[in-house]
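Peer 1: Pasting a structure below so you can have a look.
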Amino acid sequence: MVVEAAQAFTLPFPGTPERALEFVRDPAWALSDVGFLRHLSADQDGVRGELVVALPVLGEADLPFHSRLRLLPDGAALDPAPLSGERAWVEVQGTARVDGVTDVGAALAFSFVFRAHLSLPDGGGWGGEAFSKMVRAAAGRTLERVARELPAGIAQAMTRQPE
């Protein structure tokens, strides 16, 4: 089963355009305060971690992800890398761009897509189909909530220096 959620938003960056470009090209810094990410590691090759989601009936799930980092002239992109051997995982795809200069710094434009891949036990028959629909709906709402929380975590990370 695949469930998807997307989020696009713009945030003001309180610094120079050059510093804003550093921010969007450093996922360890930009994603450091995103509360639903666990075991985040990032380097020039990409970003790895786990997206933590609560799924009714199934409980809390840690969905691993790996995305490759691609530098752009005005920012960076995350391209999902396949994970093999996982029963449940998430693709994280996105872009972050310095989108202009403001009175107090720079404007940053973000766009993300989360695609959760979930393996469910075969319930068989009508009961299994109803269970799948319930999990799909719950997972969809959870991923949408996660996507809505992303801007606040990134905005919080802007206030600290990179590690």
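The values are calculated or read from the model by the stated rules, or taken from the named source; none is laboratory data. Here the structure is a predicted model, which means the values were calculated and not measured. Positions of Cβ are generated from backbone atoms using ideal geometry, with glycine treated the same way; all protein chains shown enter the neighbour counts. Quick note on the areas: whole protein, heavy atoms, side chains included, nothing else; ligands and nucleic acids left out. Shrake-Rupley method; radii C 1.70, N 1.55, O 1.52, S 1.80 Å.
Peer 1: Would you work out if segment 35-102 is rounded, prolate or oblate? Take a ≥ b ≥ c from the square roots of the eigenvalues of the alpha-carbon gyration tensor; rounded if a/c is under 1.5, else prolate when a/b is larger than b/c, oblate otherwise. Each step should come with its number before you reach the end.
Peer 2: Values: a/c = 2.82, a/b = 1.83, b/c = 1.54.
Prolate, since a/c reaches 1.5 and a/b exceeds b/c.
Peer 1: Let me ask something additional. Would you mind getting the accessible area per residue of the chain, heavy atoms of the protein chains only, 1.4 Å probe, in Å²? Let's see the in-between values first.
Peer 2: Details: 8580 Å² over 163 residues.
On a per-residue basis, 53 Å².
Peer 1: To continue, here is another question. Quick check: net charge around Arg68, other residues with Cβ under 14 Å of its Cβ, Lys/Arg +1 and Asp/Glu -1? Display every interim value, and only then the final one.
Peer 2: Details: positive: Arg25, Arg48, Arg70; negative: Asp43, Asp45, Asp79, Glu91.
Residues near Arg68 contribute -1 overall.
Peer 1: Follow-up. In the set [x] 58, 36, 25; [y] 59, 28, 23; [z] 68, 33, 32, which value of Cα extents along the principal axes in Å was calculated from the structure you see?
Peer 2: [y]
Peer 1: Could you compute the net charge surrounding Asp45? Neighbours are other residues with a C-beta less than 11 Å from the C-beta of Asp45; K and R count +1, D and E count -1. Write out the running numbers ahead of the final one.
Peer 2: Working: positive: Arg48, Arg68, Arg70; negative: Asp43.
Taking every Cβ under 11 Å from that of Asp45, the sum is +2.
Peer 1: If contacts are Cα pairs under 8 angstrom and at least 6 residues apart, what is the relative contact order of the chain in percent?
Peer 2: On the way: 341 pairs, mean separation 52.2, N = 163.
Averaging sequence separation for qualifying contacts and normalising by length gives 32 percent for the chain.
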